[in-house]
Amino acid sequence: MLRPPGLTRKLAHRLAILVVTGAALGASACVDSAVRTAPYRVRPDAADPGSLTGPFTGRVLDATTHAPVAGALVYGAWTLERGTGLTEPAGSREFVGSTDASGAYRVPELGELPRGVRVTEFTLLVYKRGYVAYRSDRRFSDLGPRMDFAQHGNQVLLERWRADLSHARHLRFVGSGTAVAALTQWELADASAELDGKRPAGDDLRPGRGEGRYVVAAQLLTEADIKARTRYDGAFETGPLSDEPDTATYSSQHFKALGRPETWDVAIRLWRLDPAKAQERYEELLTTLPGVVERDDLANRSFTATEEDIRGVGFLDAPRGLVVLLTCGTNQCASMEDAQALAGTAYVRLKSLVPAPAAAPTGGTP
């Protein structure tokens, strides 16, 4: 179980296995270390229970695109107890790691325990800014118990954060710990505003909800699309940009090149508006971005833009009320043609995801 704030403030500041023990074990302890039966399966396709001591393996994916989520915090916590009959807490042990470029994680097996100490619980937390956190013991949506966690081959589907969700509720769900607190710091201001009544609850603000199929920027371009065009052979960390969450009018996806400067990054932003507002948004980009040249060779209107080491391509699909801006570093997109080709791929995919509006009748009997 993830420990309450009063206990976790004592944890050491390091990204490794962190060990916190309770009171010193009495020299007269006479019960051998033991492990309770785990409440989860050893594998998703097996009926046998897993082991509370681990190890644990799995993969973290974006729930919308099923693309791997790299760089997510992976936080495992074991709860310990000692004694027979009247038991008492014996502290906890913890692991802090992250997902790799393929979204995979591995929590090592718990080390040897002192005589008389038993494992009572294990909880896994996966956290990445821009997403709703995942816990192995319960769901965020209704706080009900999670029944699909497995020790090995576990699949974690992270839902994208939405503007209508509560940061205060999310922080309570996540719990705390040294590494967790550092990554959730950005949520504190919004959580405080909610508790003070300054942030009213909104409607479901995901793009396209109530207006057809749910579409986000991450569906318009993939790592494979980028690598096929640019011949990049490295890995990406993917996820929403940190500027703002998905809303009714905006969605983003950032392809951050691992171990490379920003000039290797690619980002795509999507606005979904009514046609008049889409025109206004496009005009705003056209007049505020540097080095803009109108080309009108993509969708209804399009442009290219250049600022130092960044190339950009924007386009407007007026009937659908869609505006897209793709930006690509010059090391990734060696030429503007590379950026235009990626934007063209995004447009083809967008047309398949968002049906064109029905044409207005031209006359005759309705």
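Taking region 267-309 and a reference point 7 angstrom along Cα→Cβ of Ala356, the backbone N atoms nearer than 13 Å belong to 299-300. Which shape class, rounded, prolate or oblate, goes with region 217-353 when its Cα gyration tensor gives a ≥ b ≥ c as root eigenvalues, a/c under 1.5 marks rounded, and past that a/b bigger than b/c marks prolate? Since a/c reaches 1.5 and a/b is larger than b/c, the shape of region 217-353 is classed as prolate. Remark: the His66-Leu86 segment gains 2.5 nm on full extension, using 0.36 nm per residue and subtracting the alpha carbon distance. Each peptide among 309-321, 104-116 gets the average number of other Cβ atoms lying within 10 Å of its residues, and from highest to lowest they stand as 309-321, 104-116.
One chain, two ends: Asn300 and Asp137. Fully extended at 0.36 nm per residue, the span grows by 53.8 nm beyond their Cα-Cα distance.
Set the Förster distance to 41 Å, then compute FRET efficiency between Thr57 and Ser192 from the Cβ-Cβ distance, nearest 0.05. E between Thr57 and Ser192, to the nearest 0.05, is 0.65. Each residue of region 38-54 was assigned a 3J(HN,Hα) from its phi angle through the Karplus expression (A = 6.51, B = -1.76, C = 1.60, θ = phi - 60°), giving 6, x, 10, 7, 6, 9, x, 9, 10, 8, 5, x, x, 10, 5, 8, x Hz with x at Gly and Pro.
Residues whose amide H lies under 5 Å from that of Ser98, counting only those 5 or more places away or on a different chain, are Val74; hydrogens are built 1.01 Å from N in the peptide plane. Among Ile226, Ile268, sorting on how many other beta-carbon atoms sit within 10 Å of each Cβ, with the fewest leading, yields Ile226, Ile268. Ordered by the number of other Cβ atoms lying within 10 Å of each residue's own Cβ, fewest first, Ser166, Ser352, Ser251 fall into the sequence Ser352, Ser166, Ser251. Rounded to whole numbers, the Karplus 3J(HN,Hα) couplings from phi for region 78-87 are 9, 9, 10, 9, 9, x, 10, x, 8, 8 Hz, using 6.51 cos²θ - 1.76 cosθ + 1.60 with θ = phi - 60°, and x at Gly and Pro.
Just so you know, all these numbers are worked out from the coordinates, no wet-lab data involved. If you're wondering where the values come from, they're calculated on a predicted model, not measured in any experiment. So basically every Cβ, Gly included, is an ideal-geometry build from the backbone, and we count neighbours across all protein chains shown.
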